Ligand code: FES
Ligand SMILES: [Fe+2]
């Protein structure tokens with residue numbers, strides 16, 4: 001087979017400008033209280049908190065007077081933030097409501113940016129792009145996770161790498177065998193047939209493995225042990241901020257009281273922090289052994305280790321991009337990169353569109 005390289009002109013890479021017109025996760029719902037928090041999202045520093053009425057407010061974390069970071073300031077009981085430098089005070093809409101050194105003037109000529117926030121438990125979403133385009137229907141639907149028939153483990157990582165590296169990692173799960181061999185590999189997993197489908201800006205990879213055992217991670221929890229199964233896996237790039245992974249273990253023999261299907265699903269929420277650092281939340285759900293809450297903790301711990309291997313890989317790669325002086329280095333594509341390359345072309349287009357629009 002000849003070279004599969006696609007060139008780099010029409011596909012996004014780690015230097016491609018970030019996509020602003022997209023919903024991204026800001027935080028877990030349960031981690032935002034009536035206390036000032038600080039986080040950088042798409043190169044913009046934010047201060048955010050939960051108001052007395054229970055809504056989440058996110059504002060620019062930079063006082064409009066002399067740039068003091070507002071998360072190091074005071075949150076008053078009436079939901080105003082008083083800057084810790086000269087005392088300018090902002091309301092939940094980012095409007096200045098008081099200038100202590102000039103109580104006789106109307107402070108409304110000063111304001112800071114307020115961001116659009118939507119809470120869809122257990123996550124809080126932010127829109128940093130054109131407010132006119134902030135359509136809430138574009139937030140991915142994962143409400144099923146709140147249903148009792150699903151149990152899940154979850155975690156968060158700060159990753160020192162561009163967000164596309166996380167998407168790339170998820171779009172080619174050939175890496176299960178080599179990066180997570182002990183937990184997720186099975187002898188023929190890397191040789192699966194792969195089918196890539198594109199619908200609009202969504203790219204799905206479907207992999208099929210026949211006659212392999214359940215990966216080690218799920219052997220006990222599923223009760224399938226070493227029974228040979230059919231393993232279906234869908235990894236889907238949904239938006240620049242979200243990747244959806246749905247697996248299905250099919251035991252045609254019905255070893256456990258006739259049960260045929262077992263489904264692990266992973267929600268991956270990916271938010272660029274800066275061009276070369278990312279915020280990454282994951283929820284590893286299962287529809288087997290659900291009432292076992294100890295198992296939720298176990299999955300949090302064990303899959304957390306698996307995702308740490310991904311984080312390490314991405315950070316080692318980023319490190320090489322930064323340090324290794326090899327100006328002519330090009331990445332070679334192999335067939336299993338088909339979905340990832342399509343995803344990178346879509347991101348390239350989205351980025352181009354945004355720069356043309358602005
Ligand atoms: S910098 Fe905030 S009040 Fe002066
Ligand atoms: Fe992985």
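The values are calculated or read from the model by the stated rules, or taken from the named source; none is laboratory data. This structure is a prediction, so every number in the text was calculated from the model and none was measured. Neighbour counts run over all protein chains shown; Cβ positions are idealised from the backbone, glycine included.
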- Message: Among the residues that make up the range 115-137, is at least one of them within 16 Å of ligand 1 (Cβ to nearest atom) and farther than 19 Å from residue 41 by Cα?
- Response: no
- Tell me, which residue of the range 177-214 that is out of contact with any strand residue (DSSP E or B) (no Cβ under 9 Å at 6 or more places or on another chain) and modelled with pLDDT of 90 or more is farthest from ligand 1 (Cβ to nearest atom)? 177
- Query: Based on what the data block shows, is residue 270 in contact with a strand residue (DSSP E or B) (Cβ under 6 Å, 6 or more places away or on another chain), without any contact (Cβ under 8 Å) to a residue 40 or more places away in the chain and within 16 Å of ligand 2 (Cβ to nearest atom)?
  - Reply: no
- Unique residue being under 19 Å from the mean Cα position of the chain (by Cα), farther than 23 Å from residue 162 by Cβ and not in a helix (DSSP H, G or I) when the list is 269, 284: 284
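Can you tell which of 116, 126 is surrounded by 12 or more Cβ atoms within 10 Å (Cβ to Cβ) and in contact (Cβ under 8 Å) with a residue 40 or more places away in the chain?
Exactly one of 116, 126 is surrounded by 12 or more Cβ atoms within 10 Å (Cβ to Cβ) and in contact (Cβ under 8 Å) with a residue 40 or more places away in the chain, namely 126.
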- Item | Selected residue (criterion: farthest from ligand 1 (Cβ to nearest atom)) from residues of the range 54-71 that are surrounded by fewer than 18 Cβ atoms within 10 Å (Cβ to Cβ) and without any contact (Cβ under 8 Å) to a residue 24 or more places away in the chain | 54
- Note on the structure: Residue hits (the range 75-104; within 16 Å of residue 60 (Cβ to Cβ), touching a residue at least 24 places away in the same chain (Cβ under 8 Å) and assigned to a loop (DSSP other than H, G, I, E, B)) are 88, 92, 94
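Sort out which residues of the range 314-335 are in a helix (DSSP H, G or I) and in contact with a helix residue (DSSP H, G or I) (Cβ under 8 Å, 6 or more places away or on another chain), and write them in order of number.
Residues of the range 314-335 in a helix (DSSP H, G or I): 314-323, 335.
314, 317, 318 - these are the residues of the range 314-335 that are in a helix (DSSP H, G or I) and in contact with a helix residue (DSSP H, G or I) (Cβ under 8 Å, 6 or more places away or on another chain).
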